[in-house]
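Read through the structure below, which is laid out as structure tokens, and then see the notes.
The values are calculated or read from the model by the stated rules, or taken from the named source; none is laboratory data. Everything numeric in this text was worked out from a predicted model, so none of it was measured. Methodologically, a virtual Cβ is constructed for each residue, glycine included, from the backbone with ideal geometry; neighbour enumeration extends over all protein chains shown. We work out accessible area using only protein heavy atoms, side chains counted, and drop any ligands, DNA or RNA first. Shrake-Rupley method; radii C 1.70, N 1.55, O 1.52, S 1.80 Å.
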Amino acid sequence: MKLKADLFPYPVLTPELDDYSDNTSFEVSNLEAHIEGSDLVSIRCMFAVHNKQLQRLLENNELVYALHLEGEASSYRKLITTSGENPFLNVSIKNDVLPKKLFVNCLILSNTTIKNYRNETFNSLYYDDTYVVDTLYKGDIVAFLPTQTFEFDIYNAALGQDSIFTVSKHNEPYMGLELTGDKIEIILPQNMFNTYKTWGNVRDKKSLFISSIIMPALIEALGEISNERVSPELQWVSSITDILERENIDLGNQSLFVVAQKLLQQPFDDVIQNEFNGENKDE
């Protein structure tokens, strides 16, 4: 959800409005998405504000810093707060709920009911010296920054809800692959499909399925793109092509095996670590 600056009946500190004379005094640094293993993404940032009244209210815990996360066309929505004394936030999102597009709003919220709020940097063009906000209720937005958007195409494509892959079953003894639809369809033998349905979203097992089922399908799909044997209008082709262009990857100059590992964030490393972590070979 992108916040609209004109929705507030009281002054709000944001670079999108001039309600405050110091409308850029609320800052967030190092707002980034970090991939952690094969099934986790973290959103991190550091808050700062350079407005005396807001600093004092944060110190008194009457205000809090907040991240509001919301997925486009998905049910994912989360609000996380932190105090003025601890302005760093690190929010983890599991791959199985990670949306393809994530909207991130950085906020300062009221943490309690605040009466007669006034700020010396209210813009004097609009507010005279006697103006006060009668009441700020808990949860009211006091400051916000322009909405940031993160896109997760291939990373959550392996087993996530916005996947470019779909998994089905058949009665043949071998895995099959269908590349003519808008999703890459991986067709598993019945017993393998049952195992996948049971264990596919278990955190410690997910990287195994990515490397053994998703990886081979992606390599073949990349080959079809490279050889121009699939329509660029297909959704999965368009999604992969966009990422390749963004990452400056040329399929003609790199091993498809290496490219697939890059796009899926090195799933083989996770498999080995999960299988052998903490175990020592007998001497």
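Some observations on this one:
- Of residues in region 6-41 being part of a strand (DSSP E or B) and at pLDDT below 85, the one least open to solvent (accessible area, probe 1.4 Å): VAL41
- Long-range neighbours under 8 Å by Cβ, at least six apart or interchain, first residue charged (D, E, K, R) within region 234-254, second part of a loop (DSSP other than H, G, I, E, B): ASP242/ASP153
- Among the residues of region 51-66, the ones that are open to solvent by 50 Å² or more (accessible area, probe 1.4 Å) and either part of a helix (DSSP H, G or I) or at pLDDT below 95 (or both) come to 4 in all.
- If you check SER92, SER75 for being surrounded by fewer than 19 Cβ atoms within 10 Å (Cβ to Cβ), modelled with pLDDT under 95, among the small types (Gly, Ala, Ser) and not in a strand (DSSP E or B), only one passes: SER75.
- Some residue of region 203-216 being loosely packed, with under 14 Cβ neighbours inside 10 Å, over 27 Å from ILE93 (Cβ atoms) and of a type in the set (Asp, Glu): no
- Cβ-Cβ under 6 Å pairs, at least 6 apart or on other chains, region 40-58 side farther than 17 Å from SER29 by Cβ, far side open to solvent by less than 10 Å² (accessible area, probe 1.4 Å): VAL41/ILE93; VAL41/LEU98; GLN53/ASN119; LEU57/LEU63
- Region 222-246: number of residues that are of a type in the set (Asp, Glu) and outside any loop (DSSP other than H, G, I, E, B): 3
- Pairs linking a residue in region 116-131 that is of a type in the set (Gly, Ala, Ser) to a residue that is surrounded by 10 or more Cβ atoms within 10 Å (Cβ to Cβ) and part of a loop (DSSP other than H, G, I, E, B), with Cβ atoms under 8 Å and 6 or more positions apart or on different chains, are SER124/SER21.
- Of all the numbered requirements in (1) crowded, with 19+ Cβ neighbours inside 10 Å; (2) not in a strand (DSSP E or B), LEU109 misses one, and that requirement is (2).
- Hey, SER231 open to solvent by 10 Å² or more (accessible area, probe 1.4 Å) and closer than 21 Å to MET175 by Cα or not: no
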